[in-house]
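Novice: Please find one structure pasted underneath; my questions will follow.
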Amino acid sequence: MKNILLCFLGLFIIGIVLGDSCFLEISPSRVVVKFGDPVSVSCVASRPVRVLGWESIIGASHTQHDLSVQWQVDSLTDWIEEPICYGVFFTAPRQCEEKLNLVLYKKPDSVSIRLNHTSPLVEGRKYQLLCEVQNVAPVQYLVLRWYRGQNEVYNHSFSELSTAIPVQVSSTLLIVPNRADDGAQYRCEAELELGAEGPQPSPTVQSEDLSIAVQYPPEFPSPEEEILEISEDGDMRLNCIAVGNPPPVYTWSSSNLQEKVDNQPVLKAALLGPGVYTCTASNILGKRSKQFVIKHKSKGV
Ligand SMILES: *[C@@H]1O[C@H](CO)[C@@H](O)[C@H](O)[C@H]1NC(C)=O
Ligand SMILES: *[C@@H]1O[C@H](CO)[C@@H](O)[C@H](O)[C@H]1NC(C)=O
């Protein structure tokens with residue numbers, strides 16, 4: 001308690017020495033107001049005044065009797081409002097003023113997300129995701145967050161800007177998608193972090209989800225060459241299933257094959273004799289081949 005008191009005394013003395021103690025106190029000292037909402041702030045003088053008042057474009061007022069005066073507006077819609085409480089005193093310092101820390105905010109009209117390319121995308125290439133935020137204020141309290149699914153992947157602050165009026169801002173996210181990103185959903189979120197005096201939770205507007213399709217060349221999950229022995233029950237399959245987007249088409253070739261076999265990922269080998277069979281899986285991004293070698297069952301093993 002003693003320490004706190006000393007501390008107060010210290011601040012008070014510093015205030016007088018620096019000449020910035022105005023004997024005026026604004027309460028609350030910081031207000032966060034939604035565009036169009038009412039606001040009411042009081043200014044209290046701690047010594048006798050000739051005049052005590054609020055200087056502002058709207059809601060200006062003054063008193064010559066009271067030690068307290070209100071700045072009050074029913075619907076605040078003026079972006080450049082900077083209310084100041086002033087006091088004119090009988091003794092020195094004869095005049096002083098305090099500025100109200102006022103934040104007038106507005107949620108964005110819209111938050112939209114788009115790609116610099118029409119989906120589908122190609123694996124390994126670079127693309128830009130663009131997030132656009134329309135009509136938000138004050139932009140220095142805005143944080144734009146990028147999400148992939150549930151995970152925040154990037155955020156963008158605008159604290160270096162200092163406009164009070166609503167503006168449009170955007171953020172870009174560079175992506176190099178791979179096959180695991182096929183079907184991934186991206187979105188961006190605009191959040192106004194207005195501090196302790198602001199609304200809780202912070203005003204937030206989300207974009208739609210943007211889901212991306214990623215194309216990639218065929219690839220075999222199993223080895224690219226298989227050696228098989230003719231089994232006795234004759235139930236043998238040559239499995240050429242490959243993953244790829246768009247889904248691969250398959251062709252088979254072998255000197256043993258009389259007829260053309262079209263678009264069968266799995267060949268039933270029951271009727272096939274020994275030999276080499278080559279399967280090719282292809283889509284618009286490339287082709288891969290896989291060889292099957294069918295041997296006679298080795299005797300005596
Ligand atoms: C999209 O953005 C990427 C990365 O900046 C760029 O390499 C690519 O050329 C852009 N594509 C189009 C269609 O503008
Ligand atoms: C932005 O992201 C960084 C990490 O990438 C994180 O440390 C920081 O807290 C985030 N900022 C905000 C305002 O969420």
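Novice: Output the residue which, of all residues in region 133-163 that are out of contact with any strand residue (DSSP E or B) (no Cβ under 7 Å at 6 or more places or on another chain) and within 30 Å of residue 183 (Cα to Cα), is nearest to ligand 1 (Cβ to nearest atom).
Specialist: In the first step, residues of region 133-163 are kept if they are out of contact with any strand residue (DSSP E or B) (no Cβ under 7 Å at 6 or more places or on another chain); the result is 140, 150-151, 159-163.
Next, from what is left, pick out any that are within 30 Å of residue 183 (Cα to Cα): 150-151.
Details: 150: 25, 151: 22 Å.
If we take residues in region 133-163 being out of contact with any strand residue (DSSP E or B) (no Cβ under 7 Å at 6 or more places or on another chain) and within 30 Å of residue 183 (Cα to Cα), then 151 is nearest to ligand 1 (Cβ to nearest atom).
Novice: If you don't mind, there's one more thing I want to ask. Using the structure shown, decide if residue 97 is among the acidic types (Asp, Glu), in contact with a Phe, Trp or Tyr (Cβ under 6 Å, 6 or more places away or on another chain) and in a strand (DSSP E or B). Outline the logic, then answer.
Specialist: On the way: among the acidic types (Asp, Glu): yes; in contact with a Phe, Trp or Tyr (Cβ under 6 Å, 6 or more places away or on another chain): yes; in a strand (DSSP E or B): yes.
Yes, satisfied.
Novice: Give 125, 114 a once-over and let me know the one that is basic (Lys, Arg), open to solvent by 50 Å² or more (accessible area, probe 1.4 Å) and in a strand (DSSP E or B).
Specialist: Details: 125 fails: in a strand (DSSP E or B).
Just a single option satisfies the conditions, and that option is 114.
Novice: Hey, which of the strands (runs of 3 or more DSSP E) in region 151-210, taking only ones fully inside, have at least 1 residues that are closer than 19 Å to residue 135 by Cα, of a type in the set (Lys, Arg) and in contact with a Cys (Cβ under 7 Å, 6 or more places away or on another chain)? Give the derivation first.
Specialist: Working: elements: 151-157, 167-175, 185-192, 204-206.
In region 151-210, there are no strands (runs of 3 or more DSSP E) which contain 1 or more residues that are closer than 19 Å to residue 135 by Cα, of a type in the set (Lys, Arg) and in contact with a Cys (Cβ under 7 Å, 6 or more places away or on another chain).
Okay, residues lined up against (1) within 16 Å of ligand 2 (Cβ to nearest atom); (2) aliphatic (A, V, I, L, M); (3) at pLDDT below 95:
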| position | (1), (2), (3) |
| --- | --- |
| 104 | no, yes, no |
| 113 | no, yes, no |
| 129 | no, yes, no |
| 142 | yes, yes, no |
| 147 | yes, no, no |
| 150 | yes, no, no |
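Novice: Just the residues that are within 14 Å of ligand 2 (Cβ to nearest atom) and acidic (Asp, Glu), please, taken from region 191-207.
Specialist: Of everything in region 191-207, those that are within 14 Å of ligand 2 (Cβ to nearest atom) and acidic (Asp, Glu) turn out to be 191, 193.
Novice: Still on this structure: What do you reckon, is residue 119 surrounded by fewer than 18 Cβ atoms within 10 Å (Cβ to Cβ), farther than 27 Å from residue 60 by Cα, at pLDDT below 95 and more than 17 Å from the chain's Cα centre (by Cα)? Break it down into steps so the answer makes sense when it comes.
Specialist: Details: surrounded by fewer than 18 Cβ atoms within 10 Å (Cβ to Cβ): yes; farther than 27 Å from residue 60 by Cα: yes; at pLDDT below 95: yes; more than 17 Å from the chain's Cα centre (by Cα): yes.
In short, yes.
Novice: Being surrounded by 14 or more Cβ atoms within 10 Å (Cβ to Cβ), away from ligand 2 (no atom under 15 Å from the Cβ) and among the hydrophobic types (A, V, I, L, M, F, W, C) is the filter; apply it to region 152-168 and report the residue that is modelled with the highest pLDDT.
Specialist: So the residue we want is 167.
Novice: Residue 70: open to solvent by 70 Å² or more (accessible area, probe 1.4 Å) and not in a helix (DSSP H, G or I), yes or no?
Specialist: Details: open to solvent by 70 Å² or more (accessible area, probe 1.4 Å): yes; not in a helix (DSSP H, G or I): yes.
Judged against the criteria, residue 70 is a match.
Novice: Conditions first: (1) away from ligand 1 (no atom under 16 Å from the Cβ); (2) in contact (Cβ under 8 Å) with a residue 60 or more places away in the chain. Residue 169 passes all but one, so which condition is the exception?
Specialist: (2)
Novice: Between 87, 53, 59, which is touching a His at 6+ places or on another chain (Cβ under 6 Å) and either modelled with pLDDT under 95 or more than 16 Å from ligand 1 (Cβ to nearest atom) (or both)?
Specialist: On the way: 87 fails: touching a His at 6+ places or on another chain (Cβ under 6 Å); 59 fails: touching a His at 6+ places or on another chain (Cβ under 6 Å).
Going through 87, 53, 59 in turn, the sole match is 53.
Novice: Got a sec? Which of 193, 226, 232 is at pLDDT 95 or above and either over 23 Å from residue 146 (Cβ atoms) or open to solvent by 20 Å² or more (accessible area, probe 1.4 Å) (or both)?
Specialist: Working: 226 fails: at pLDDT 95 or above; 232 fails: at pLDDT 95 or above.
It is 193.
Novice: While we're looking at this one, here's another question. Touching a residue at least 40 places away in the same chain (Cβ under 8 Å), open to solvent by less than 60 Å² (accessible area, probe 1.4 Å) and within 13 Å of ligand 1 (Cβ to nearest atom): is that true of residue 130 in this structure?
Specialist: Details: touching a residue at least 40 places away in the same chain (Cβ under 8 Å): yes; open to solvent by less than 60 Å² (accessible area, probe 1.4 Å): yes; within 13 Å of ligand 1 (Cβ to nearest atom): yes.
When the stated conditions are applied, residue 130 passes them.
The values are calculated or read from the model by the stated rules, or taken from the named source; none is laboratory data. All figures in this text were calculated on a predicted structure; none of them were measured in a lab. Neighbour counts run over all protein chains shown; Cβ positions are idealised from the backbone, glycine included. Remember, those area values only see protein heavy atoms, side chains included, never the ligands or the DNA or RNA. Shrake-Rupley method; radii C 1.70, N 1.55, O 1.52, S 1.80 Å.
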